[in-house]
Each structure stands twice: as C-alpha cells, then as structure tokens.
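> Here you go, one structure.
The values are calculated or read from the model by the stated rules, or taken from the named source; none is laboratory data. Only a predicted model underlies this, so the values are computations on that prediction, with no experimental measurement involved. All Cβ positions, even for glycine, are placed from backbone atoms using ideal geometry, and neighbour counts span all protein chains on display.
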Amino acid sequence: MSNSQNPGATTQRTHKEIMFVLSGLMVGMLLAALDQTIVSTALKRIVEDFNGLSHYTWVVTAYLLTSTASTPLYGKISDLYGRRPVFQFAIITFLIGSFAAGAAQSMTQLIIFRAVQGLGAGGLMALTFVIIGDIVSPRERGKYQGYFGGVWGLSSVAGPLLGGFFSDKAHIFGIVGWRWIFYINLPFGILALVITTASLHIPKVKREHKIDYFGALLLVLSVSSLLLGLSVYGPQNGWSNSRTVVSLAMAAILTAAFLIQESRAAEPILPLKLFKNHTFSITSLLAFVIGAGMFGAIVMLPLYLQVVKGNSATTSGLKLIPFMLGIVTFSIWSGKQISKHGHYKRFPIAGLIIMTAGLIFLSTLNEGTPFWRLAIFAIMIGAGLGLSMQTIVIALQNSVDFKDMGVATSANTFFRSIGGTIGVAIFGTIYANRLSHYLPIGITKLQQTNPAALAGATPQKFAELQQNTAVLKSFSPQLQSTVLHSFVQSFHVVFLTAAPVTALGFLFAMMLREVPLRTGAAHHAAAQEAAGEAIG
C-alpha cells in the first residue's frame, strides 16, 4: 500500500495535529456524555407537556439501552471498516436522533428518537478512545488524557445544570424550553463532524472478514434484557416481580448463548481470546468496578443536596464542581507523570484507595454538614476517578495487538457502562429499602414522644415521599427533622455499601502487571505491521 493511497500511514502526527483531532473527538464525546444526564432534570416538564408519567423512565432507559448495547459493536466494525466512516456514522446518527427528539410530538416519539440518539452516542463514546489509541502512543497519551477527564467532569456537572436551565424556560426563541436540551447538540455535533472529517485521516486497512451478525444480535438482546430488568422492571415493579425475574433470566440465557456463539464464530464481535490477555481481563474488571462505584454512589450526592439540604436542581449541580475539579486535576497530573516516567500501575491503586476513603467519609454526612466538608469528599472521589479511569485504558491499549485496538477499547467502555447500570440499580434499591426501614422506626418514636407533631401527615403523604420530597413542606418541623434523619441514615448505608465495591477494585489494581509503555516509534511500527498483515 503506497503512501499516496494511505495518507498519514507512514508519518507520525505533530502535537498541533493531534490537538486538532482531539478537539473534534472531545466535542463528540461531550455531547454523548451530556445526554446521559441532561434529560433527568427536564423530565418533569417533558412529562407535563406529554402527559406521559407512566412512561417517563423510558426517556432515559431508551438512550442508555442503545448506547450501551452498541458500544462493543462499534469497536469491532471500526476494526474492519476503518475509524473515520464509522465515527462519522455515529455523529450523523446522533444528530438525526437529537433533531427528531427535539421535534417529538408525543412521549412515544420521544422514546424512539432517544433510542436513535443513544445508537449514535454509543459510537461517540467508544470510538473516541479507540481513535486516540490509534494516533497517540501509550507512553505519550498521558499528556492528553487530562482533556478527556475534563470532558467527563464537565458533563457530570453541566448536564443537570443545562437540563434545569432549559426546562425552567417556557420558551427560548419561540421554541419550548426543554426542546433545547436536544437542539443544542446540533451546532456542536456539526462542528465535531467538520473537524473530524477534515483531520481524521487514519488509514483504512481492508481485512478479510465475515461479520458475526448472529453474535451481534445475541449481544444486543442480552444487554437489552439486562438493562430492562435492572433499570425499568426492577425499580418499578420490584425485584421479585415476574417481569423482572424473566428479564434477568433471559439476560443470563442470552449471555450464555452469546459466549457459545463467540467461541465458534469465524469473526467474533467480542473475541474471547482477549480474556486470555491478563491486562484485558483485569482492566475489564476495573472498568466494571469503577463504573459501579462512580455512577452508583455519585448519583446519590445530588439527591442528598436536594432532599436533605433543600437545594434546587441547579444549585445541587453547581455544588458538584469540586467533584469535576478532582477528576480534571488528577487526570492531568497522572497523565503527565505517566508520560514522564512510563509507570502507570501506581495510579489506579492510589485512585481506588482515595475513592474508597471518600465514600467512607461520605457516610458521615448529616443534616448539618457544611458544604466545605462535602466538597473535600467530592474532590477525593473525583481524584480517585481521575487517577484511575483513563489510566486503565492506557494500560489496556498498550497490551493488545493493534488489530484488536477497537474491539478491546470499546469493550472497556462497555464494561464500565454495565457496571454503572448495575451500580445505580443496586444502590438505588438499597436506598429505597433502607428508607422504608428507618422511616417507620423514626415516626413510631416521634408518635410515642410527641404525637402532635404528626398532625396532618396522612399515609398517602408518606407513600408519596420517595417520589416527591416536596411533601415535606406540609409536615411539622419535628416531623420534617425525623424524616430527614431517615433519609440521612439511608444515604449512610448506600455509601458504606459502595466502599467495599471500590475496595475490591483496589485488589484488582494490585493484580495489574506493569508492562513498559510503547513509545511513538514502537507504536507507529506496530500500526504499520498490523496494516501489512491485513493486506499481505
């Protein structure tokens, strides 16, 4: 294959060229990450407009389902057909879904278009890390990883903030306010498309292939069944409900069928041989644990701020800025240290220790905890993520063959998403279970010592508490204090349950084998060798 046919195939990019590519990738990744959280604070207004209370969870679940299920598929397809056309497909799909969701005229339409949006987002999240792995060597990638930490941190804060801002406006430029949470994606998505089209000249290596369509179908169905059971049926109907049990049982059966199919497929979607790679297996476990610890515990912080501290959705979002600062600062610092010294194992070890300590400290929060103390704990958890999340991707990409870069990297993103989904489901269930335990105990004690404090507190109002904490305002001060203490006790249990999960991650990080990081020349040679094998 000649150089003219393969622009960029035999030349290494300059820092300026890499930053230009990164700018387009980060915009695309930011959009995908934002749309995981931006809808949550706008759901109340959307439900009111469409009278769709019974289906409101599907607005979030549809996006989560398609983005998670498609992630490993994008990695494999990009290995076969090239990064650029597959990434462009992901951006265009995301833009179509965003425009259609903003123009939706019913709850059903919105759910369908959110699923389309999620299909594009799965590619944006997965391929961003894959493409960086293509163009930057593991040794040098640390210089750039802070930017991606910043994107994750920014999205965790900006999502709820923007969602609250747009949904609070009746109209903006004559368009209903909440619709802008989707329309705002359009100019930025087009910008990402233009930048990546102009700069993303990664050689397209043609390989002999036969796509495992049946394996892809089994993967999508198994992930869909799992997410439906964990995110929809379990929280809504209960974990012993027949729908929940059947959905989770189907997920287990379909997963087993997928593994059997992958073991005999000529071109598997997720090659099982990758699990023989020690680093791939350990980083997959770490991604799962980090996802569970991060999403499962952090979603509780805004809830604590809104319920116990009485903050608005916008204010609680602003108070997560320390969490973002922790991610950005320590992601940049650890990246520079990795590029300077070439050692990476120490960072996820330290990160998971700090994250575990932060979760334990969060279990000391109470009704009177000052914000500065909460900010320190949030910085600790952010620091743990900044030290861990990108570092394990560097370790992974350094350990796999170049031809498997796409599927291995997207698998890591996939395991983190699945971990987050399971974490949210488990910790949300623990929270609801403990609240239903502590609340009756507190009310019984109050009834015995001060029965007058329960005046006007009907069983219906107590039943509504878990769904709408605004009911608290109708309670007496003594009853409000009792209820808030029950909430605090429930949060304590959640954080103390999350701590052993991240502590388990520390044990996995200790098992990680440190391999010398490939430098620019070695990385470039590996890329050339992979291209040569594909066309030889």
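> From the list LEU454, LEU446, which residue is surrounded by fewer than 18 Cβ atoms within 10 Å (Cβ to Cβ) and not assigned by TED's automatic domain parsing to the domain that holds HIS492?
LEU454
> Being over 16 Å from MET300 (Cβ atoms) and assigned to a helix (DSSP H, G or I) is the filter here, so list the residues in segment 501-514 that pass it.
Within segment 501-514, ALA503, LEU504, GLY505, PHE506, LEU507, PHE508, ALA509, MET510, MET511 meet the criteria.
> Within segment 156-170, identify whether any single residue is small (Gly, Ala, Ser), under 25 Å from LYS76 (Cα atoms), in contact (Cβ under 8 Å) with a residue 12 or more places away in the chain and assigned by TED's automatic domain parsing to the domain that holds ARG45, and answer yes or no.
Taking every residue of segment 156-170 in turn, none turns out to be small (Gly, Ala, Ser), under 25 Å from LYS76 (Cα atoms), in contact (Cβ under 8 Å) with a residue 12 or more places away in the chain and assigned by TED's automatic domain parsing to the domain that holds ARG45.
> Pairs under 9 Å by beta carbon, first residue closer than 15 Å to ILE338 by Cβ in segment 121-138, partner buried (at least 24 other Cβ atoms within 10 Å of the Cβ) and basic (Lys, Arg), six or more apart or different chains?
Matching pairs, first to second residue: ILE132/ARG141; GLY133/ARG141.
> To continue, here is another question. Select, from VAL483, VAL501, VAL515, VAL494, the only residue that is surrounded by 18 or more Cβ atoms within 10 Å (Cβ to Cβ), more than 27 Å from the chain's Cα centre (by Cα) and modelled with pLDDT of 80 or more.
Answer to the selection: VAL483.
> Just to be sure, is GLN36 under 30 Å from GLY142 (Cβ atoms), modelled with pLDDT under 75 and part of a helix (DSSP H, G or I)?
So GLN36 fits the description; yes.
> So is LYS273 modelled with pLDDT of 85 or more, surrounded by fewer than 22 Cβ atoms within 10 Å (Cβ to Cβ) and closer than 29 Å to TYR81 by Cβ or not?
In short, yes.
> Assess whether PHE347 counts as being in contact (Cβ under 8 Å) with a residue 60 or more places away in the chain, in the same structural domain as GLY291 (by TED's automatic domain parsing) and aromatic (Phe, Trp, Tyr).
When the stated conditions are applied, PHE347 does not pass them.
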